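The values are calculated or read from the model by the stated rules, or taken from the named source; none is laboratory data. Note that the coordinates shown come from a computational prediction; the quantities given were computed from them, not determined experimentally. So basically every Cβ, Gly included, is an ideal-geometry build from the backbone, and we count neighbours across all protein chains shown. The area values use the complete protein model at the heavy-atom level, side chains included, leaving out ligands, DNA and RNA. Shrake-Rupley method; radii C 1.70, N 1.55, O 1.52, S 1.80 Å.
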Amino acid sequence: MINLNNIQRIYFLGIGGIGMSALARYFNLHGKTVSGYDKTPTSLTSELQKEGINITFEDSLQTLDTNAELVIFTPAIPKDHLQYNWYLKNNYTVLKRAQILGLAANSMFNISVAGSHGKTSTSSIVAHILKTANKSVAAFLGGICINFNSNFLDGNEYAVAEADEFDRSFLNLEPNIALITSVDTDHLDIYGNLEAIEESFRQFCNKVRTNGILITNKNVTEKILNKNVTNYRYSLTDTTADYYTQNLQITEGAYSFDIMHPNGIIQNVKSYYGGKHNIENAIGATAIAINVGVQPADIVKALATFKGVKRRFETHIRTNNMVYIDDYAHHPRELDATIAATRELYPNKKLTVIFQPHLFSRTKDLCDEFATSLSKADELILLDIYPAREKPMEGITSKIILDKVTIQHKSIVKKEELINVLTHNNDLQVLLTVGAGDIDTKVEEITNLLTNK
């Protein structure tokens, strides 16, 4: 495998992706010449350009870097991409993002956070705790952490890597400490069934280094665990776990609780990050922090000051009359958690959910579960399916979800008509936008509309 220290020029295919841009920032900050391609300009690509990275939005042989010593690509790049095929044909070193993340993270004390849900929030909390404790931490995150306003932190002692199971990417990581938040049915286009997903997670557990530590949520099946390393289990309230909460309550918009751990108790912890699922993520992050020697006072300070991750239960409006929350939830379990968290905080208000399904394959595979989850809203507005890397599938549209949703107030709306529909809706009390596609491009417009309503 290549030595990254000897590489000076790097070209990224899909540089605007959340994982790709973190790596681009890493290499740019370390003095490499970084450039790349992406399909469309976004706020993230514009930030990269401000940081001195040259980006083209044209798949053209005229705009690629012929002097690149390394080409990094995302699996989302189509196989007929001109630049991608030119680099392959001309024998450049062309590697997947996951391989490069492995090389970067494995060169430090590697803390890898995996899981079907919750890995972005958990890895962001871990990075924030370590930074609060003045540890030198490089973090490669799958979302924009609001505390850093970035998906990347630069350091040289600890690496916090979000370990993605898509395309078995996480098998490139060799963690000193690995954490798994959940193992659930997803990415069936890659895996086919839950057994194959569990097998992949089992292989990830076996990547933990000798004398390493494996930390898993109590809900994660024991059959995937690597019993040759130190194992810890965590939970929200299960007292048979090694790490869990006691005295958990909500007061004045904050969660307060104590954290039980193998060596004692951390008392009077506060978190303003919404949802009990995120408190559970904080318990997992605390388990990592304790195992790298972070003091309890730093953990308490970090959890109280963690502002969250963009699009992870991000509250844009909170007044007596109106609440607007945006979330990345794109799987039924994530929708369940987000809707439950919203209901918990605002129990007596009408909940309107706007959902943009992500991927035709996921919609087809999990249609019944999506319908069950979305039926927990009072009103549902569905957008068309966001295709991402997929071609349309015959008969698979948002309507197959809509038909199975059991609530009375439900509709399908074109994305470009959404603002008009909301303008004429005079019964918005709590609004939730959810999805992993481009629904986030509407957040600012929705916020402005509701602020002035």
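Using a cutoff of 8 angstrom between alpha carbon atoms and counting only pairs six or more residues apart, the relative contact order for the chain works out to 11 percent. Taking amide H as placed 1.01 Å from N in the peptide plane, the amide H of residue 96 sits under 5 Å from that of 73, each at least 5 places away or on another chain. Within the set 310/391; 79/414; 310/410; 391/415, which residue pairs have Cα atoms separated by over 21 Å? Over 21 Å apart, Cα to Cα: 310/391; 79/414; 310/410. Using the average count of surrounding beta-carbon atoms within 10 Å as a protection proxy, the listed peptides 222-232, 276-286 rank, highest first, as 276-286, 222-232.
Ignoring ligands, DNA and RNA, what accessible area per residue does the stretch 103-227 give at 1.4 Å, in Å²?
Here the residues of the stretch 103-227 average 33 Å² of exposed surface.
Which residues in the stretch 421-445 have a backbone N closer than 11 Å to a point placed 7 Å from the Cα of residue 415 along the Cα-to-Cβ line? Taking a point 7 Å out along Cα→Cβ of residue 415, the residues of the stretch 421-445 whose backbone N falls under 11 Å are 436-443. By the rule of a C-alpha distance below 13 Å, with chain neighbours fewer than 8 residues away ignored, the aspartates and glutamates paired with residue 32 are 51, 69. The H on the amide N of residue 15, modeled in the peptide plane, is under 5 Å from the matching H of 37, 38, each at least 5 residues off or on a different chain.
Note down the net charge around residue 261, summing +1 for each Lys or Arg and -1 for each Asp or Glu among other residues with Cβ under 15 Å from its Cβ.
Combined, the nearby Lys, Arg, Asp and Glu give -3.
For residue 150, the residues whose modelled amide H falls within less than 5 Å of its own, excluding neighbours fewer than 5 places apart on the same chain, are 145. Accessible area of residue 128 (1.4 Å probe, protein heavy atoms only, ligands and nucleic acids ignored): about 20 Å².
Report for the stretch 200-290 the percent antiparallel among DSSP-assigned beta bridges with both residues inside it, nearest 5.
Of the beta bridges lying entirely in the stretch 200-290, close to 65 percent run antiparallel.
Relative contact order, whole percent, for the stretch 110-172 stands at 41, derived from Cα pairs under 8 Å and 6 or more residues apart. As a rough guide to protection, the peptides 331-341, 201-211, 407-417 ranked by mean Cβ packing within 10 Å, highest first, stand as 331-341, 201-211, 407-417.
Carbon-plus-sulfur accessible fraction, the chain (probe radius 1.4 Å, protein heavy atoms only): 45%. Heavy-atom accessible surface of the stretch 249-394, averaged per residue, reaches 40 Å², computed with a 1.4 Å probe.
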